[in-house]
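For reference, the structure is listed below as structure tokens.
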Amino acid sequence: MRQKLLNISLLLLGLWSSIFLSAQSPTFSLEVTDTPLETVITSLEQQYDLLFSYKQEDIEEIRITAEIAPTPLTNFLEQLLQDTGLEFKVLDGNYVILKKVPPKPEPLLPRFCGTVVDSMLGEPLPYASVYIKRTMQGNTTNEAGRFDFRTACEPADTLIVSYIGYEKKTFLVREILESPCDTITLSYVALQEKSVLITEYLADGIELGEKGAATILRPLKIRALPGQIEPDILRSAQFLPGMSSPSGGANTISIRGGAPDQNLVLWEDIPIYHTAHYFGMISAFNPYIIDRAKIYRGGFGAEYGGRVSGVIDLQTEDYRNPNSSFSAGSNFLNAYVNGRASLARHKASVVYSLRRSISELWRSPTFNNITLRNQQGELLGYLPGTNTPPGIEITDQFNFLDANLKGSAQVTNRDEVSIAWFYGRNNFDNVVDNANRKMTQDDLLTLDNQGISASWTHTWQEGLTSQLTGLTTNYAYTYDYFIDRWNPNRSDKFGVKNNHVQDQQLQLITHYQTPLHHQLTLGYQLHSYTLSHEITRESQETVIVSETDTASSHLQVLHASFKTAPDKKMGIDAGVRWTHFQRTDSSYVEPRLRFWYNPTNVFTVHANVGKYHQFVSQLLEFRGLRAGIETPVWVLSGSPQAPVLSASQWQLGIIYHQSGWVVDLQGYLKNVQGLTSLASGFEVAPKEPFIRGTSSIRGVDLLIKKRWNNFRSWVSYSISKADYHFAQFFDPNFPTPYDQRHSLNWANLLETGNFEFSIGWRLASGLAYSEVKSYKIELNRMGKEVVLPEFDGYNNERLPLQHQLNASAMYHFRLQQKGSGRGVIGLSLFNIYQHTNFYARDFFIENLRNSDPEILYIDRVDLGFTPNAVLRFEW
């Protein structure tokens with residue numbers, strides 16, 4: 001009996017509990033047809049005392065059709081929101097948060113990256129094919145030999161790496177994925193009727209590109225060159241046939257007889273108007289952040305414009321290099337740090353550099369020699385390499401700084417971005433007290449050049465890419481000089497020169513590579529120029545000159561080109577460039593054509609012809625007045641004193657390459673129209689207007705090089721003739737200031753163990769100059785008497801022959817036995833036997849009161865014996 005009562009009690013308790021729990025857990029039901037979700041939510045809030053939180057845009061397009069039997073809230077919401085793309089969260093029993101279900105990330109396809117190089121020389125192989133054999137999906141390497149792409153694959157698939165003239169390599173996909181971004185070497189095999197491959201031109205890091213049209217310099221691979229301790233880009237380029245700097249400067253490079261301002265110098269697409277520090281003696285680019293420099297000595301393609309002579313295009317590595325590094329070093333002129341950081345799992349990188357002069361800490365023999373060379377204009381009768389003349393005291397301060405920064409990233413599988421910034425600065429303050437001439441001259445100069453570029457590259461499909469680039473560059477030059485005559489009866493002189501350049505550009509370029517590797521390029525460029533200059537010279541003894549000019553203009557460019565695939569036996573590079581220049585309201589058409597042919601596997605024959613125009617130029621000022629530093633000013637073309645330059649170039653060449661031999665023979669002809677007497681450095685009589693002229697340059701470049709294992713020797717020789725023609729001059733035909741008829745370079749490099757040695761000898765013709773034989777006195781435009789020189793002819797005399805012997809030695813060592821740290825110590829010797837190399841002779845007339853005018857001249861001489869040394873560490 002007692003047991004029965006217990007069972008009945010438990011049954012009643014369970015029934016009561018279920019009733020209680022049912023009362024505590026409400027159920028929800030719904031029956032609607034094609035009803036907006038917002039209406040359903042309003043009804044539920046009113047009927048069940050619920051609160052909903054959501055974004056209006058998330059629900060406004062959703063309609064509900066549902067029949068839901070009574071069920072707890074969680075089950076109810078799951079049925080209600082099924083197939084709506086919404087998810088929910090319940091708080092405090094009746095507060096419901098609705099939000100969109102985040103999209104599921106697409107599965108990331110496997111990434112294939114690496115670098116394809118020559119197995120013997122370690123040089124990159126551009127345009128090599130890398131693809132999955134089963135699907136035929138892949139890509140080609142860029143000009144640095146790198147590839148980076150994603151594609152679907154299976155573990156058992158094979159990856160093919162091939163390059164014309166090399167043995168094909170096959171890898172299992174899993175092998176590549178286990179060692180990402182590795183280096184793949186291909187071995188060269190004999191060719192029958194394929195292309196000629198020349199990976200080394202002069203030395204490691206100096207090679208031919210584009211079938212001989214361009215020369216590629218890779219500073220990080222360049223070994224010790226004669227007279228250099230570091231792979232300076234602008235000085236290394238002067239080892240190429242047809243490139244020289246008769247004055248010895250880094251910024252006065254003449255490419256096949258052209259003027260320095262006729263060369264286009266770019267870093268990351270930024271035009272550089274200041275290419276060297278300290279009056280051109282020290283290159284403005286830290287070579288250790290330059291991945292490659294593409295140099296055209298003529299015949300450049302339609303993608304380049306605005307100059308009529310040559311192109312030096314500098315590029316820094318991007319995110320595709322997965323390595324991080326840091327280095328620091330110093331030589332006798334400057335100290336520097338630079339490095340790169342690979343970020344975001346090798347999808348982004350930052351490259352940086354900072355370099356500054358050390359002259360405030362230590363005035364090295366190298367710096368002193370450069371200083372004395374630059375002060376020759378003030379020291380009459382002085383030659384570098386000797387002591388400062390008695391009676392002269394010099395006080396000077398100089399410093400320079402340059403910095404570079406580049407960031408790049410792959411933001412999606414189809415998009416890449418990059419940003420680059422460049423800055424260069426020079427400060428110079430020089431005081432010369434000359435007791436011999438009883439005068440003091442004070443020169444104060446500041447120079448700044450900075451630029452920034454940003455680009456976005458989008459891949460529309462395999463082989464089709466577009467790049468949008470915006471950039472701006474600013475150049476500011478300010479120079480003041482004052483000559484204080486100690487004699488109060490003699491007038492003082494002063495001068496001011498200011499020059500500002502603002503160059504802004506927007507570029508859009510699209511590349512399409514066909515399945516046969518032919519390339520089609522279309523582009524548009526918008527340029528905005530603003531250039532100004534102010535030049536003032538005043539003295540009671542000379543003509544008063546005051547000139548101020550500011551000019552602005554837009555320039556629009558369309559260009560198109562087609563290039564045959566580089567692995568063909570015969571091909572062309574054809575292009576056209578159309579430019580409309582607002583200032584002259586004129587259009588300029590520049591057709592360009594290049595042809596190449598490989599008759600055998602050891603020869604390449606190439607030829608090109610093209611038309612070129614230049615819209616900014618330099619004018620020479622202060623020339624021959626022996627008052628102040630002679631630095632040309634940049635001006636906008638399209639005026640009487642600086643017309644738009646127009647040039648035509650023709651070139652024919654043949655290249656032979658076999659068994660370590662390289663023979664390169666090229667002939668060229670270049671005609672330039674639109675020159676003026678002022679731009680050419682000649683000051684005519686003060687009553688005459690600017691006189692128009694032309695120049696004609698023709699020449700032959702020859703290189704013969706042989707490599708025996710770790711020893712290389714080459715001889716380069718250039719013979720050329722560069723003449724001006726000014727019909728209104730009394731002497732209408734005469735040599736240009738850069739007419740160096742003969743130039744010979746002989747260089748030898750040896751690598752043995754951790755040591756590198758180089759020695760080279762250079763021989764060149766003397767430059768032309770105009771000798772003043774007498775003078776005449778005339779009235780200028782202001783009615784004052786001025787003394788003018790009289791010439792028997794222009795540039796009709798020659799300076800003595802130039803020659804010098806240079807050498808370098810370097811030693812590489814490890815900082816730790818097993819660590820990654822490395823070091824290098826080097827020594828260079830410039831002009832070892834201290835030959836006096838004249839590069840200019842400037843005449844002037846000393847017109848003192850109470851005395852007859854006297855004809856004098858100043859000889860300008862390049863550096864004498866100059867040592868330099870470097871200590872550098874890398875991690």
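Among the listed pairs K168/K569; K221/K721; K55/K89; K221/K705; K438/K773, which are separated by more than 25 Å between their Cα atoms? Before the final figure, lay out the partial values.
Details: K168/K569 20 Å; K221/K721 34 Å; K55/K89 14 Å; K221/K705 18 Å; K438/K773 27 Å.
Over 25 Å apart, Cα to Cα: K221/K721; K438/K773.
Give the calculated FRET efficiency between F813 and L172 to the nearest 0.05, with a Förster radius of 30 Å applied to their Cβ-Cβ distance.
Step by step, r from the Cβ atoms, then E = 0.15.
Would you mind getting the accessible area per residue of the stretch 264-422, heavy atoms of the protein chains only, 1.4 Å probe, in Å²?
For the stretch 264-422, the solvent-accessible area averages 33 Å² per residue.
Work from the charge dipole of the chain (Cβ charges, +1 for Lys and Arg, -1 for Asp and Glu, about the Cα centre) and give the residue of I216, V101, G407 farthest towards its positive end.
Looking along the dipole axis, the top candidate is I216.
Using label points projected 7 Å from each Cα along Cα→Cβ, tell me how many nm separate S639 and T27, to one decimal.
About 9.3 nm separates the two model spin labels.
Can you list the residues, at least 5 places off or on another chain, whose amide H is less than 5 Å from the amide H of E797, using H built in the peptide plane?
So E797 has HN proximity to Y769, E771.
Rounded to the nearest angstrom and ordered from largest down, what semi-axes does the equivalent ellipsoid of the chain get from its C-alpha gyration tensor (root of 5λ)? Could you put the intermediate results ahead of the total?
On the way: eigenvalues 893, 235, 157 Å².
They are 67, 34, 28 Å, listed from largest to smallest.
For a Förster distance of 60 Å, can you work out the FRET efficiency between the beta-carbons of L669 and A156, rounded to the nearest 0.05? Spell out each step's value before the answer.
Values: r = 60 Å, r/R0 = 0.99.
Taking R0 as 60 Å, the efficiency between L669 and A156 is 0.50.
Select from the stretch 814-875 those trypsin sites (Lys or Arg not before Pro) which occupy a DSSP coil region and have at most 15 other Cβ atoms within 10 Å, ordered by residue number. Before the final figure, lay out the partial values.
Values: sites: R814, K818, R822, R841, R849, R860, R872; in loops: K818, R849.
Taking the stretch 814-875 and a limit of 15 other Cβ atoms within 10 Å, the loop trypsin sites (Lys or Arg not before Pro) found are K818, R849.
If you stretched the chain out fully between Y423 and T185, how much longer would it get, using 0.36 nm times the residue separation minus the C-alpha to C-alpha distance? Write out the running numbers ahead of the final one.
Numbers: separation 238, 0.36 × 238 = 85.68 nm, distance 3.80 nm.
Answer, rounded to one decimal: 81.9 nm.
Given charges of +1 on the Cβ of Lys and Arg and -1 on the Cβ of Asp and Glu, with all other atoms neutral, how large is the dipole of the chain about its Cα centre, in debye to the nearest 20?
On the way: 78 positive and 90 negative charges, 479 e Å.
Once rounded to the nearest 20, the dipole reads 2300 debye.
Over the stretch 407-562, what is the relative contact order in whole percent, taking alpha-carbon pairs under 8 Å and six or more residues apart? Intermediate results must be reported in sequence, preceding the final value.
Values: 396 pairs, mean separation 26.2, N = 156.
Averaging sequence separation for qualifying contacts and normalising by length gives 17 percent for the stretch 407-562.
With the dipole of the chain worked out from charges on the C-beta (+1 for Lys and Arg, -1 for Asp and Glu) around the Cα centre, which of S828, V308, A276 lies farthest toward the positive end?
The one lying farthest along the dipole's positive direction is S828.
Within 10 Å of each candidate Cβ there may be at most 12 other Cβ atoms; applying that plus a DSSP loop requirement, which GluC sites (Glu not before Pro) in the stretch 730-835 survive? Please list the in-between numbers first.
Details: sites: E751, E756, E771, E778, E785, E790, E797; in loops: E771.
Here no GluC sites (Glu not before Pro) fit, given the DSSP loop and packing criteria.
At what distance in nm do the modelled label points of W746 and N75 sit from each other, each positioned 7 Å from its Cα along Cα→Cβ?
10.0
When the chain is fully extended, how far beyond the present Cα-Cα distance does E45 get from V431, taking 0.36 nm per residue of separation?
On the way: separation 386, 0.36 × 386 = 138.96 nm, distance 8.83 nm.
Stretched out fully, the E45 to V431 stretch lengthens by 130.1 nm.
Would you check the accessible area of K721, probe 1.4 Å, heavy atoms only, in square angstrom rounded to 10?
70
Sorting check: for 711-719, 282-290, which peptide has the highest mean count of neighbouring beta carbons within 10 Å, and how do the rest follow? Could you put the intermediate results ahead of the total?
Working: 711-719: 18.6, 282-290: 23.6.
The packing order, highest mean first, is 282-290, 711-719.
Would you mind getting me the FRET efficiency between S851 and L506? Use the beta-carbon distance for r and R0 = 56 Å, nearest 0.05.
Numbers: r = 60 Å, r/R0 = 1.07.
Calculated value: 0.40.
Note down the nm distance, to one decimal, between modelled labels 7 Å out along Cα→Cβ at S648 and at K721.
In this crude spin-label approximation the distance works out to 1.9 nm.
When a/c is below 1.5 the answer is rounded, else prolate if a/b is larger than b/c, else oblate, so apply that to the stretch 221-337 with a ≥ b ≥ c taken from the square roots of the Cα gyration tensor eigenvalues.
Oblate.
Place +1 on the Cβ of every Lys and Arg and -1 on the Cβ of every Asp and Glu in the chain, take the dipole about the Cα centre, and give the residue among N426, T440, S244 whose Cα lies farthest towards its positive end.
S244
Mark the label point 7 Å from the Cα of E771 along Cα→Cβ and return the residues of the stretch 787-803 whose backbone N is within less than 17 Å of it.
789-801
Work out how much length K55 to W486 would gain on full extension: take 0.36 nm times their residue separation and subtract the Cα-Cα distance, in nm to one decimal.
Values: separation 431, 0.36 × 431 = 155.16 nm, distance 8.46 nm.
Once the chain is fully extended between K55 and W486, it gains 146.7 nm.
Check every DSSP H run in the chain and write down those whose alpha carbon atoms cover 18 angstrom or more along the long axis and whose mean Kyte-Doolittle hydropathy is 0.5 or greater. Intermediate values should be presented prior to the final figure.
Values: long enough: 2-24 (33 Å, 0.90).
Span-like helices in the chain: 2-24.
The values are calculated or read from the model by the stated rules, or taken from the named source; none is laboratory data. Since the structure is predicted, the reported quantities are computational estimates derived from the model, not experimental observations. Counting neighbours? That spans all protein chains shown, and the Cβs are built from the backbone with ideal geometry, glycine included. All accessible areas refer to the heavy atoms of the entire protein, side chains included, with ligands and DNA or RNA removed. Shrake-Rupley method; radii C 1.70, N 1.55, O 1.52, S 1.80 Å.
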